[in-house]
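Enquirer: Take this structure, written in C-alpha cells, and hold onto it; I'll ask about it next.
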Amino acid sequence: MQNNNAPSATLKNLESALAGESMANIKYQYFAQICRAHGDETTARVFEATAKQEVQHAFGHMDLLFPKTKLDPAKCLELAIEGETYEYTEMYPAFRHTAIEEQHSHAANEFSEQIDESKEHAEQFKLVLEKASKRFAALTKVEERHANHYREALKTVKTS
C-alpha cells in the first residue's frame, strides 16, 4: 500500500484491523488455555481453531500494509528495530508512567519488564542486521573477483 507520508484513513483502519485480529488470536489462545485447565477440551479446540483463522486475517492486512515486493530481510529487520525502539523509548515508558500515577503497581512492573525485553529485542535485531551487512559486503567482494576473472578470461578468448 502506498504511504505518501500522510497516513490515510484506510491505512489507519488496516493498522487497527491488524491490531484487532492479532489481539483476538492471542486472546483466543489464552481462553483455550483456561478452558483446557477447566477440563473443557472441546471449547479449547474451538478457540484454537478460531485463533488460527484470526492469524490468517492478520496476514491479509499485513500483505496490504507491508507488501512482500517491497520487503527483504534487511528491511524487515529495520522495521522490527524501529518497532522495538518505539516500544522501549515511548510506548511502555508512557504506559508505565500512567500505571504508577494510577497506583497499578503490577501493570507498572509489567511495563518495566517489557521495556527491558523490547531493548533486548531491538539489540538482537541490530546484531543480525550488522552481521548480514558484513556478509553482504564480503559476498560483494567475492562476486567482484569472479566478475574480474571472467572479464580477463573473455579478453583472452577475444584476442585468440
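Read the figures in this text as sums done on the coordinates, not as results from a lab. Note that the structure is a prediction, hence the values are computed from the model and not measured. Note that each Cβ is placed from the backbone with ideal geometry, even for glycine, and that neighbours are counted across all protein chains shown.
Enquirer: Please arrange T69, T10 by how many other C-beta atoms lie within 10 Å of their C-beta, fewest to most. Working shown, then result.
Expert: Working: T69 5, T10 10.
With the fewest neighbours first, T69, T10 line up as T69, T10.
Enquirer: Next up: So which GluC sites (Glu not before Pro) in the stretch 89-157 end up in coil per DSSP with only 11 or fewer other C-beta atoms within 10 Å?
Expert: Passing both the DSSP loop test and the Cβ count: E102.
Enquirer: Going by C-beta contacts inside 10 Å, put Y28, Y150 in order with the fewest on the left.
Expert: Ascending number of Cβ neighbours within 10 Å: Y150, Y28.
Enquirer: While we're here: Hey, if you put +1 on the Cβ of every Lys and Arg and -1 on every Asp and Glu Cβ in the chain, which of A17, F111, H146 ends up farthest toward the positive end of that dipole?
Expert: Positive-end residue among those listed: H146.
Enquirer: Additional query: In the stretch 72-160, what is the volume of the convex hull around the alpha carbon atoms, normalised per residue and reported in Å³?
Expert: Here the figure is 67 Å³ per residue.
Enquirer: State the number of lysine pairs found in the chain whose Cα atoms come within less than 23 Å, restricting to pairs 8 or more positions apart or on distinct chains.
Expert: 22
Enquirer: Still on this structure, please answer the following. Return P(r) of the stretch 1-67 (all Cα-Cα pairs; 10 Å bins starting at 0; whole %; ordered from short to long distances).
Expert: 23, 37, 22, 13, 4, 0
Enquirer: Calculate for the chain the 222 nm mean residue ellipticity that helices alone would give, adding -39,500 (n - 2.57) per DSSP H run of length 4 or more and normalising by residue count, nearest 500 deg cm²/dmol.
Expert: -29500 deg cm²/dmol
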